[in-house]
Amino acid sequence: MSAAGLNHLDDYQRYGRQMILDGFGLPGQVALQNASVVVVGAGGLGCPALQYLAASGIGRIGIVDHDVVELSNLHRQILHTEQRVGMPKAESAAEAIRTLNSKIKINIYTEALSALNALDILSSYDVILDCTDNAPTRYLLSDTAVALGKPLVSGAAQKFDGQLCVYNLNNEGPCYRCIFPKPPAPEHAGTCEETGILGTVTGVIGTLQALEAIKLLAGMHEGKASLLIYSALGVPPFRSIKLRSRRPTCPACGQEGLKEGQIRDTDYVAFCGGGPPDWEKKGMMQGDPGLRITPTKLNDILASEAASHTKILDVRPRTEFGICHLWESINIPLKELSANPTTTASVLEDGVKEVYVVCRLGNDSQIAADALRALRRDVVVKDVIGGLKAWSRDVDPDFPVY
Amino acid sequence: MPQRCCQYAGWQLPSLTEDYGTFCRLRRNDCGVTAVHISLKVEFGGGLELLFDNQRSHKLTLPARVPLDNSTSSPPSSPPSPQNNEYEGETKPVDVAYLIHWLRHHLLKERAELFMEGDTVRPGILVLINDTDWELEGEGEYVIKNGDEVVFISTLHGG
Ligand SMILES: [Zn+2]
């Protein structure tokens, strides 16, 4: 076999359908065979990306992820299985793609990517895929890709929306910092857990990330920096945006002498405002016993005579209330309550002496209870510590947790 | 489009026998203004639509000339009529900076801090003018033209 051929005879058969494409050909397949790609994040974006990269015959694939597989991942993280719940995602994904293509080399990294290890981990790969779910890692990956002179294929997805962009394209295109010089406050940067995500939306974007990587490696990329925006419910669903060029003043990729500010080595989490709040922990804070109540105590009250003059107010969005709720509760979403507190207060008819406010984790309920207390001095208003999640844990294990 | 211009300004429509073109030219000559209004499409994405009544797409009509200081007291339904100009102060052609202020005061339903910071959009929001990064178009100083489309999207982080 010649040096510019495929490693195995049956590879010609295996990759034949893409090799016969004009513009791809044997050189394209050889390029993939000799290439290495690292996928950071083996979640909703990483799984479909890894699947297609492995199937396409990329020679070496790195998988970076420090999380373990959870049941709530499976609707979108399609390489993981029920049997592998609890296993590190990087290992689970490696197992899946090894079954798919036994000839490719796979490297697994189960530690969290940080400023300390990013250069080491990423330097041996040709293309980096950003399949992560948080702002600090996105900045870290961008800076590292610029430092290493490698293209960064970045994907993101939330709800029904997705975004795709190749940063540092050909070492000429803008980096993530050029486009987003300042990070959003952590409470503005939603996560899949808080805001929800349709599984197939990550599938679309992750698959496109694999496609961009393949185009780059096979020399088929048009070389223009653009941002692709996808809205599953939009008409039309795709929109391609012409992007600015590099910022000469960008602290990462700008011109020497013009760079404004510097990247400290730094704690990326601090740069992004301290990381996402731990809502579950916040919701569990005991607080003033006059203001908050445990699920167990609420259960006692509901079983007592006091139940007749007690109301449970559920302030979750209507869609979430529709998933599951305490049968005796009424639903007024926090949004509506905040917009119109007086109406809410008047909903509570006269006989009511006690109101217990509940939400999913016990954060929104505190805000709602405060608002209500200010308007109805005549009733006792308390909110439930830890919300419905705690209710399920402490009172009724049959109550669904989502 | 002259008909549209008259409609938005709240002038009486000509009778069917009158010629629209002539009517509008006459009216415009009256006040010396060539285009009273600019129609544009505004879209929100990446979660920003939640701040705007969960509606992604909006069709707007803004005055062609607006206060230099971006004050947006006049809603589009009652634009400054040429005969009775409400704006005493200095004006400029309507631009994206004005649009941002206008959206904040007239279309935004909640939590302004998720849309604006200081005088512009908050970090993490990308503004696109006719599918081009607004930085290539002069950012807030871009003068809006009839039929333009301005998109505001929030950067996503999930995966
Ligand atoms: Zn840059």
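The GluC sites (Glu not before Pro) found in segment A:303-402 that occupy coil by DSSP, while having at most 16 further C-beta atoms within 10 Å, are A:GLU328, A:GLU349.
Loop sites here are trypsin sites (Lys or Arg not before Pro) outside DSSP states H, G, I, E and B with no more than 11 other Cβ atoms within 10 Å. The longest part of chain A free of them is A:1-263. Straight Cα distances below 22 angstrom link A:LYS282 to the lysines A:LYS297, A:LYS335, A:LYS382, A:LYS389, with same-chain residues fewer than 8 positions distant left out. Annotation: amide H of A:VAL381 within the under-5 Å range of A:VAL355, sequence separation 5 or more or interchain, hydrogens built in the peptide plane. These residues, A:MET220, A:MET87, go from largest to smallest accessible area, 1.4 Å probe, as A:MET220, A:MET87. In order along segment A:314-325, the phi-based Karplus estimate (6.51 cos²θ - 1.76 cosθ + 1.60, θ = phi - 60°) of 3J(HN,Hα) comes to 9, 9, 6, x, 4, 4, 6, 4, x, 6, 6, 7 Hz; Gly and Pro are listed as x.
Taken one residue at a time, the phi angles of segment A:236-250 give Karplus couplings (6.51, -1.76, 1.60, θ = phi - 60°) of x, x, 10, 8, 10, 10, 6, 9, 4, 8, 4, 7, x, 8, 4 Hz. Gly and Pro are set to x.
Residues in segment A:337-351 carry Karplus couplings, in order, of 4, 5, 6, 9, x, 5, 4, 4, 4, 7, 5, 6, 5, 4, x Hz; the curve used is 6.51 cos²θ - 1.76 cosθ + 1.60 with θ = phi - 60°, and Gly or Pro positions show x.
Is the shape of segment A:35-277 best called rounded, prolate or oblate, per the rule: a/c under 1.5 gives rounded, else a/b larger than b/c gives prolate, else oblate, with a ≥ b ≥ c the square roots of the Cα gyration tensor eigenvalues? Because its axes are fairly even, with a/c under 1.5, segment A:35-277 counts as rounded.
With the charge dipole of the protein assembly as shown set up from +1 on Lys and Arg Cβ and -1 on Asp and Glu Cβ about the Cα centre, the Cα lying farthest toward the positive end among the listed residues A:LEU198, A:ALA35, A:THR310 is that of A:ALA35.
When the charge dipole of segment A:1-154 is built from unit charges on Cβ atoms (+1 for Lys and Arg, -1 for Asp and Glu) and taken about the Cα centre, the candidate among A:LEU148, A:GLN83, A:ALA96 whose Cα reaches farthest toward its positive end is A:ALA96. Of the beta bridges in the protein assembly as shown, as assigned by DSSP with both residues counted there, near 50 percent are antiparallel.
So if we plug the beta-carbon distance of A:SER304 and B:ARG56 into 1/(1 + (r/R0)^6) with R0 = 56 Å, what FRET efficiency do we get, rounded to 0.05? Calculated value: 0.70. Of the peptides A:115-122, A:41-48, the order by per-residue mean of other Cβ atoms within 10 Å, starting with the highest, comes out as A:41-48, A:115-122.
Counting only whole DSSP H helices of chain A, the ones at least 18 Å long by C-alpha along their axis and with mean Kyte-Doolittle hydropathy no lower than 1.0 are A:199-217. A straight Cα-to-Cα reach below 25 Å connects A:LYS105 with the lysines A:LYS89, A:LYS150, A:LYS215, residues fewer than 8 places away in its own chain not being considered. Local charge for A:GLU349 was computed over the other residues whose Cβ lies under 15 Å away, with Lys and Arg +1 and Asp and Glu -1, and equals -1.
Averaged over peptide A:233-239, the number of partner chain Cβ atoms lying within 10 Å of each residue's Cβ comes to 2. Would you please classify the overall shape of the protein assembly as shown from the alpha carbon gyration tensor, given that a ≥ b ≥ c denote the square roots of the eigenvalues, rounded means a/c under 1.5, and beyond that prolate means a/b larger than b/c while oblate covers the rest? Note, shape of the protein assembly as shown comes out oblate.
Average accessible surface for segment B:37-154: 43 Å² per residue, computed with a 1.4 Å probe over protein heavy atoms with every protein chain in place. For segment A:35-277, the antiparallel share of DSSP beta bridges with both residues in that region comes to about 50%. Of the GluC sites (Glu not before Pro) found in segment A:1-104, those that fall in a DSSP loop while having at most 13 other beta-carbon atoms within 10 Å are A:GLU70. Averaged over the residues of peptide B:146-157, the number of Cβ atoms from other protein chains lying within 10 Å of each residue's Cβ is 6. Specify whether the C-alpha gyration tensor of segment A:240-284 places it in the rounded, prolate or oblate class, a ≥ b ≥ c being the square roots of the eigenvalues: rounded for a/c under 1.5, otherwise prolate if a/b is larger than b/c and oblate if not. Since a/c reaches 1.5 but b/c is at least a/b, the shape of segment A:240-284 is classed as oblate. Amide H contacts for B:THR120 (H built 1.01 Å from N in the peptide plane; partners 5 or more residues away or on another chain; cut-off under 5 Å): none found.
The values are calculated or read from the model by the stated rules, or taken from the named source; none is laboratory data. Because the structure is predicted, anything quoted here is derived from the model rather than measured. Cβ: placed from backbone, ideal geometry, glycine included. Neighbour counts: every protein chain shown. For accessibility, only protein heavy atoms count, side chains too; no ligands or nucleic acids. Shrake-Rupley method; radii C 1.70, N 1.55, O 1.52, S 1.80 Å.
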